[in-house]
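Q: Starting off with a structure, shown below.
The values are calculated or read from the model by the stated rules, or taken from the named source; none is laboratory data. Nothing here was measured: the structure is a model prediction, and the numbers come from that model. Heads up: the accessible areas ignore ligands, DNA and RNA and are worked out on the full protein's heavy atoms, side chains in. Shrake-Rupley method; radii C 1.70, N 1.55, O 1.52, S 1.80 Å.
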Amino acid sequence: MSGGVAPAPAQMATTRDRMAGFGAGLASGATKLLVGHPFDTVKIRCQIEGGHGRFRGPLDCLASTVRNEGARALYKGASIPLVGWAAMDAVQLGSLSNYRLLLQGGNKNHELSHFQHGLAGLGAGWTVAMVASPVEIIKMRLQMQYAGGAAR
């Protein structure tokens, strides 16, 4: 008998295995929104206002936004990304898990090569791109709404 380790018996993927990535993605998207949306709002406002002189930099943008519109203004447009980012992360992680399972032939114990992991990631990235673009455009338009005035 050789000194190698015997391969593990096939362990076929269940429906729960196929759905776990989607659930993780929903939680990931909601957490990303809660933590990151205020930073994103400041970034978008600074990018759009650029050389127009409304803000001297990101800290001035943050202070001015909170002073003039209140802290809730940092979450302007958050409803779309809450749904969108949760959907995007669910699609990305769910499709990544399912592309991996597809490449494994449904056998969770089958080890994938680096190339196969890359293929699964490529497929997941391509899949999520169909959801990401419209969500980002809507979110940016909502973030550019100022209290008492129109966006530039």
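Q: Could I get the Rg over Rh figure for the range 93-152? Both from C-alpha atoms, Rh via Kirkwood, rounded to two places. Walk me through the numbers before you get to the answer.
A: Details: Rg = 18.7 Å, Rh = 14.0 Å.
Reported Rg/Rh, Kirkwood definition of Rh: 1.34.
Q: Could you rank His114, His52 by how accessible they are, 1.4 Å probe, largest area first?
A: I get His114, His52, largest accessible area first.
Q: Now, a different point. So if each residue of separation counts as 0.36 nm, and I subtract the Cα-Cα distance between His52 and Val83, what length gain in nm does that give?
A: 8.0 nm
Q: Using 0.36 nm per residue of separation minus the Cα-Cα distance, give me the extension gain between Leu112 and Gln11 in nm, one decimal.
A: 34.9 nm
Q: For Tyr146, list long-range residues whose amide hydrogen, built 1.01 Å from N in the peptide plane, is under 5 Å from its own amide hydrogen.
A: HN-HN under 5 Å from Tyr146: Ala151.
Q: Name the lysines eligible as straight-distance cross-link partners of Lys43: C-alpha to C-alpha under 27 Å, and not fewer than 8 places from it in the same chain.
A: Lys32, Lys76, Lys139
Q: Could you work out the relative contact order of the range 8-152, using alpha carbon pairs under 8 angstrom and six or more residues apart, expressed as a whole percent? Working shown, then result.
A: Numbers: 168 pairs, mean separation 51.9, N = 145.
Relative contact order for the range 8-152 comes out at 36 percent.
Q: If eta is 1.567 mPa s and T is 4 °C, what Stokes-Einstein diffusion coefficient results for the range 69-126, Kirkwood Rh from Cα pairs, in µm²/s?
A: Approximately 97 µm²/s, per Stokes-Einstein.
Q: Ok, one more. Figure the gain on full extension for Leu122 and Arg72 (residue separation times 0.36 nm, minus the Cα-Cα span) and round it to one decimal in nm.
A: Values: separation 50, 0.36 × 50 = 18.00 nm, distance 3.68 nm.
Length gained between Leu122 and Arg72: 14.3 nm.
Q: Binned at 5 Å from 0, what are the whole-percent values of the Cα-Cα distance distribution for the range 29-152, short to long?
A: The calculated distribution, bin by bin, is 2, 11, 17, 17, 13, 11, 9, 7, 6, 4, 3, 1.
Q: Specify the residue with the greatest mean-square fluctuation among Ser95, Ser79, Ser28, computed from a Gaussian network of the chain linking alpha-carbon atoms under 10 Å apart.
A: So, out of Ser95, Ser79, Ser28, the one fluctuating most is Ser79.
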